[in-house]
Amino acid sequence: MSFIPQGSKILRRLLKESFNGGERVKNLSLLGSTGSIGINALDVIRHHQAHFKVLALAAGRNTDLLKLQIDEFRPKVVALCDESHAAKLQRALSPSANVAVLSGPEGYREVASLRGVDMVISALSGSAGLLPTLEAIDACKDIALANKETMVMAGNIVMDKSREKGVTILPVDSEHSALFQCLAGHRPEEVKRLILTASGGPFLSATREALAAAKPADALNHPNWTMGKKITIDSASMMNKGLEVIEARWLFNIEVGRIDVLVHPQSIVHSLVEFVDGFVMAQLGVPDMRLPISYALFYPERVENAFPVLDLQKIGTLNFMEPQMDKFPCLELAYKAARTGGTMPAVLNAANEVAVDAFLRETIGFPDIAVIVGKVLTLHQAVDASTLAHILDADRWARMETRKVLESSLNREQDYPQLTGPG
Ligand SMILES: NC(=O)c1ccc[n+]([C@@H]2O[C@H](COP(=O)([O-])OP(=O)(O)OC[C@H]3O[C@@H](n4cnc5c(N)ncnc54)[C@H](OP(=O)(O)O)[C@@H]3O)[C@@H](O)[C@H]2O)c1
């Protein structure tokens, strides 16, 4: 067996297309169109208009940007998070805009499973991405997956369902796209380990005192990537890398013990695969999400892009170092949750979402994110994650428990001396 999805719908379709001898437009749905990945995905589509048609878009609350996207890409269906935002958009649209405006879970379901769509780009942020992504797989849509939380919460279910439905999951995360490309054509037994690179984020060289005093603006100041707020805070805490380890575990069906992390501040080497014969394959590129998005949208073809290309001569030096687990305990917590398995990764994810939100509201300090997530993990008795009901129960429980831990810790700071708040 090879890592390349040989029996995939995409390959079957490609064979059919080349047999027909014609170029075929790929119909797309985009979940999370107003976010950082969504905007980059639409830019890729803008550069390759002859190849793609956007049939549906889903956003959260940003009606202004969604309206501009409707004007440009003319989707048939759009969805927003609730009725009031849908009504606001409807008022702003001209009567000639021929688009159905939907809302809430039903709206996302429609965008994810719309008839005629070939591929769904899953780029909502956080756990909001899980159900629409599963619905897209159920509807036999291929997935360009940016929403790593889907894999962290329910990687086993996603992979089982995608095999059952003959759906291909194409990673958009730059590290997983890199691994996917390095693994192409190789058998699992040829692989010794996967090495995910991490930029180290804005706090790579920060002292513990600086970490304790860090404000959201400091943590949001990523040196190499411009991304949504949640993933940027996760990058600063290295929780993002931990979530990526769990994502890789499921995407590539490999034990957590064979997935390592290497800090690489320039974000040029996106990840590496070490093979049993001692060779290491790395994938390099400029840090621009349009590249892995384009790779996923066009897979299995490679096309010419007008995006900036890598100039190693200009870059000169690439550095690599061991991750500092003691300074960034979120990475260690993610490894622990991954090793425990079952519902523990879903609890890690939910506790982290609540803690990151509290940090962004300046209710807690930056180091408290790890303290709170660690505490919630110790309170959880993991059960198997083979059903969606178990996973959603664990997610609900973890959010409730995290809020309790937050409240009690803020009331009793002596029990949680690390909980300083940003002051
Ligand atoms: N950004 C990157 O470079 C990057 C790289 C690799 C992986 N990823 C992954 O891709 C996903 C998206 O990241 P991002 O940086 O694009 O995030 P983002 O900029 O925050 O955008 C998130 C998108 O999801 C929508 N959204 C957020 N919460 C929602 C909710 N509760 N219900 C419905 N819609 C909601 C937002 O809508 P509104 O803005 O309209 O409210 C927006 O369209 C994440 O899972 C992230 O880990 C991102």
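What follows draws every value from the coordinates through simple rules; no lab data is involved. Just so it is clear, the structure is predicted and the values come from calculations on it, not from any experiment. Backbone-built Cβ (ideal geometry, glycine too); neighbour counts: all protein chains shown.
Overview of values
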| quantity | calculated |
| --- | --- |
| Least to most buried among Y299, Y335 (fewest other Cβ within 10 Å first) | Y335, Y299 |
| For segment 337-346, 3J(HN,Hα) per residue [Karplus equation, 6.51 cos²θ - 1.76 cosθ + 1.60, θ = phi - 60°, Hz, x = Gly/Pro] | 4, 5, 5, 5, x, x, 8, 4, x, 5 |
| Where labels lie 7 Å past Cα in the beta-carbon direction, separation of D160 and M321 in nm | 4.3 |
| Label-to-label distance, nm, for residues given as E407 and N221 (7 Å Cα→Cβ offset) | 3.6 |
| Mean residue ellipticity (222 nm) of the chain, computed from DSSP H runs ≥ 4 via -39,500 (n - 2.57), nearest 500 | -14500 deg cm²/dmol |
| Cα pair count fraction exceeding 20 Å, expressed as % - segment 341-423 | 29 |
| DSSP beta bridge pairing in the chain, given as percent antiparallel to the nearest 5 | 30 |
| Per-pair calculated FRET efficiency, R0 = 51 Å: E83 and K314 via Cβ, rounded to 0.05 | 0.50 |
| Residue-by-residue Karplus 3J(HN,Hα) for segment 371-384, coefficients 6.51, -1.76, 1.60, Hz, glycine and proline x | 4, 5, 4, x, 5, 5, 4, 5, 7, 9, 9, 5, 10, 5 |
| Added length on full extension, which subtracts the Cα-Cα distance from 0.36 nm per residue, N98 to R396 | 103.5 nm |
| Segment 303-377 and segment 24-102: distance between their alpha carbon centers, rounded to Å | 30 |
| Residues with amide H under 5 Å from that of A144, placed H, sequence gap 5 or more | V120, I121, S122, L170 |
| Whole-Hz couplings from phi, Karplus 6.51/-1.76/1.60, listed for segment 225-241; x for Gly and Pro | 10, 10, 9, x, 4, 5, 5, 5, 5, 4, 5, 5, 8, 6, 4, 4, 5 |
| Out-of-range pairs (alpha-carbon distance over 18 Å; input K241/K327; K67/K88; K148/K229; K76/K230) | K76/K230 |
| Using distinct alpha-carbon pairs, which all enter the 1/r mean, Kirkwood radius of segment 9-172 in Å | 15.9 |
| Exposure proxy ranking, count of Cβ atoms within 10 Å, fewest first, for V167, V120 | V167, V120 |
| Radius of gyration and Dmax over the Cα atoms of the chain, both given in Å | 21.2, 71 |
| Relative exposure of F320, F298, judged by other C-beta atoms within 10 Å (fewest first) | F320, F298 |
